[in-house]
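Reviewing the structure listed below.
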Amino acid sequence: MPPIKQYVNLPTDAAHPERGDTRKLQVTPNTVPNVGAADPVEWWIEPDPKNTDPIYLSPAQRARLQNNETVLNAATSKFENSLNFPPAGGDKYVVKVAKKGDRANFLKTDEFETWRKIFYTVYYMGAGAQSLFNSLKPRFEAAFKEGFVEVEQVQMVATATVMARVDGTLGNAIGRPQLHYLRDPPHGVVGLKPAGSGTLVDKPFHVAILVVPDIYTVKEESLAKTGLLSATGTSSVPYCLHTDPANPRAFVYRAKASWPGRLAIDVLDKLSVVGVPSEQLGSMVGWDLNAVPGLTNHLAAAPTNTFDLSLILVSEKTVMGYSAANICIVRTKDSPTDVLQTFTHELGHGFGQVVEKEERWDTGGNKLSDEHNPNWHTDPYGGRGNHCTTNAVLKTAPAYAGLTTGQWYRHGGSGHLCTMFFSGEPNVEPDGKFCPKCVPRLTRFNLDSTSMTSRKWSYFG
C-alpha cells in the first residue's frame with residue numbers, strides 16, 4: 001500500500017486531513033495487542049533512513065509526536081495523538097503504538113510521505129500558446145515531483161487580447177502605470193489584482209502563468225546632446241532602441257530642443273532610427289531639425305551659435321520569461337526545450353531556487369555555521385538573481401553582456417545543464433529538470449505560508 005501523501009506546506013484543514021504539517025492519529029483499543037481500556041499506550045516514530053538529514057531542520061521543524069504516552073479518550077473511546085511533520089518533502093514516517101512497556105507487540109499505523117502542493121492558473125495568448133503549454137504540461141509537472149512538489153492546475157484562461165509581442169515591463173515606464181499588462185481589458189492583457197479585478201484562490205500557494213508569443217521590456221534612457229552646431233546629426237547609443245511597426249516613434253518618449261531665447265521646443269517627430277537596432281551592437285538615433293522654426297536662423301546668425309537636444313529614448317530588451325512574486329510570464333517563440341526550461345526555471349525562482357546557503361543545527365539543536373552551495377552564482381557571472389553552475393565553467397564574456405567580472409558561465413562540454421542555468425542553452429536538461437545538486441535543496445526548501453508570504457506570493461490575484 002503506497003504511503004499517504006501529506007501536503008505539509010498547506011494550512012491545516014479539518015475537512016482535508018491530507019493538508020497541514022500535523023496529522024491526527026486515532027487507534028481503537030482492540031487493534032493494539034494486549035491492551036485493555038484502562039492501559040496507557042506509548043507511541044514512537046520510525047523515520048525512513050533516506051529522510052532529510054536533521055542537520056537541515058531546526059529543533060522546532062523536526063518530526064515529533066504531541067505525546068509519547070496517552071490514555072484512552074473517554075469521549076471517543078480511542079487512543080489519540082498527533083504527528084508533526086517537517087517542512088521538507090519526500091520524508092516517510094511510520095508511527096507505532098503499543099501497550100506501555102510492551103513495544104515488542106505493536107500496532108503499525110499508516111505510512112505518511114511529506115509533499116508540498118502549489119496551484120497554478122495558465123493565461124494563454126492564442127491557440128498556439130495553449131497547445132504548446134498542454135504539450136509540455138506532463139514534463140513541466142514531473143520536473144517538480146522530483147523535489148516532492150506537486151503543482152496542480154486550477155484553470156486555463158484565454159487572455160483578453162492577442163498580440164505578436166507583449167510588453168512585460170512591470171514598473172512605470174513611458175507614461176504607463178506600473179503593472180500595466182495586468183490591468184483589466186481593454187487596457188490590460190490579464191486582469192489580476194492589484195492592477196485588475198481578477199483573483200486567485202489558495203494564496204499564497206497559487207501562481208499565475210502567462211504564456212505569450214514573445215516578450216520584451218522597455219526602459220527610459222536619457223540622452224543629452226549639448227553645443228550642437230548643425231540641425232542634423234546622429235548619435236550612437238549602447239542599447240537596443242524600441243521599435244514598433246504600428247508606431248514609428250516608439251523609440252522616443254520625449255524630445256526637446258532649446259537655445260538662448262527659445263526653450264523646450266518639442267521635436268519628437270523630427271527623430272528617426274538609423275539602421276537596425278541591436279541588443280549586442282546598440283543603436284543609432286538621428287535627427288533633422290531644419291524645419292524647426294527659428295533654429296536654422298539662429299545657427300546661421302553666428303558660427304559659434306549652438307543648440308541643445310534633450311531626449312528620453314526608449315530601449316527594449318527581449319526576454320524568454322521572468323517571475324515576480326506569484327506571477328510568471330513565458331514566451332513560446334523558442335524551441336520546446338527552451339520553453340520548458342523557462343517554465344520550470346522561473347517557477348523554480350518562485351520556489352526560492354537556487355539556494356545560496358542553508359542553515360544547520362546539530363543533534364542537540366545548537367546552531368551551526370550555514371552551508372554554502374558551491375553551485376550557486378548570481379549577477380556578476382551572468383543573469384539576474386540566483387542560478388546554478390552544474391556542468392558549467394567560467395569563460396570570457398562578450399562586451400555586450402556588460403558583466404563587471406568579464407566572465408560568464410557556459411556549458412563545460414559534458415553532461416546537462418540544470419534548468420536553473422542562467423540562460424537558454426542547447427545543453428540544458430531536455431525535460432526541464434533540476435540537477436542532482438539542486439533537487440535535494442528544492443526538497444528541503446520550506447514552502448509554507450510564512451515562507452511564501454515572505455516571497456510576496458500573496459501579491460497578485
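Contact order, relative form, for the chain: 15 percent (alpha carbon pairs under 8 Å, 6 or more residues apart, mean separation divided by residue count). Between A224 and T405, the contour length at 0.36 nm per residue exceeds the Cα-Cα span by 62.2 nm. Residue by residue, region 321-330 carries 3J(HN,Hα) couplings of x, 7, 10, 8, 6, 9, 10, 9, 10, 9 Hz when phi is fed to the Karplus relation 6.51 cos²θ - 1.76 cosθ + 1.60 (θ = phi - 60°); x denotes Gly or Pro. Using the Cβ of G385 as centre and a radius below 13 Å, the other residues enclosed give a net charge of -1, where K and R count +1 and D and E count -1. Packing around the peptides 251-257, 265-271, taken as the average count of other Cβ atoms within 10 Å per residue, puts them in this order, highest first: 251-257, 265-271.
When the Cα positions of T232, H187, L200 are compared along the charge dipole of region 168-250, T232 comes out farthest toward the positive end, with charges on each C-beta of Lys, Arg, Asp and Glu.
Sorting V8, V35, V319 from the fewest to the most surrounding beta carbons within 10 angstrom yields V319, V35, V8. To test your reading of the geometry: what angle, between 0 and 90 degrees and rounded to tens, separates the Cα axis of helix 127-145 from the longest principal axis of the chain? Between the helix axis and the principal axis of the chain, the angle is about 40 degrees. Between K5 and E113, the built amide H atoms are under 5 Å apart, and every one of these is 5 or more places off in sequence or on another chain. Tell me the angle of helix 336-350 to the major Cα principal axis of the chain, expressed in degrees between 0 and 90 and rounded to the nearest ten. That helix lies at roughly 70 degrees to the long axis.
Note on the chain: with charges restricted to the Cβ of Lys and Arg (+1) and Asp and Glu (-1), its dipole about the Cα centre is near 320 debye.
Can you bin region 357-437 into rounded, prolate or oblate? Criterion: square roots of the alpha carbon gyration tensor eigenvalues sorted a ≥ b ≥ c, rounded for a/c under 1.5, prolate for a/b above b/c, oblate for the rest. Note, shape of region 357-437 comes out oblate.
In order along region 306-317, the Karplus-derived 3J(HN,Hα) couplings, from 6.51 cos²θ - 1.76 cosθ + 1.60 at θ = phi - 60°, round to 9, 9, 10, 10, 10, 10, 10, 8, 10, 9, 9, 10 Hz, and Gly and Pro are given as x. Centroid-to-centroid, using Cα positions, region 5-76 and region 169-235 are 50 Å apart. Considering every alpha-carbon pair of the chain, the percent of pairs per 20 Å bin, from zero through the bin containing the longest distance, is 20, 42, 25, 10, 3, 0.
Lysines within cross-link reach of K145: Cα-Cα under 17 Å, excluding same-chain residues under 8 positions apart? Cross-link targets: K5, K50, K92, K117, K137, K433, K437.
Each value in this text was obtained by applying a stated rule to the coordinates, not by laboratory testing. Computed from a prediction, not measured in an experiment: that's the story for all the values here. Backbone-built Cβ (ideal geometry, glycine too); neighbour counts: all protein chains shown.
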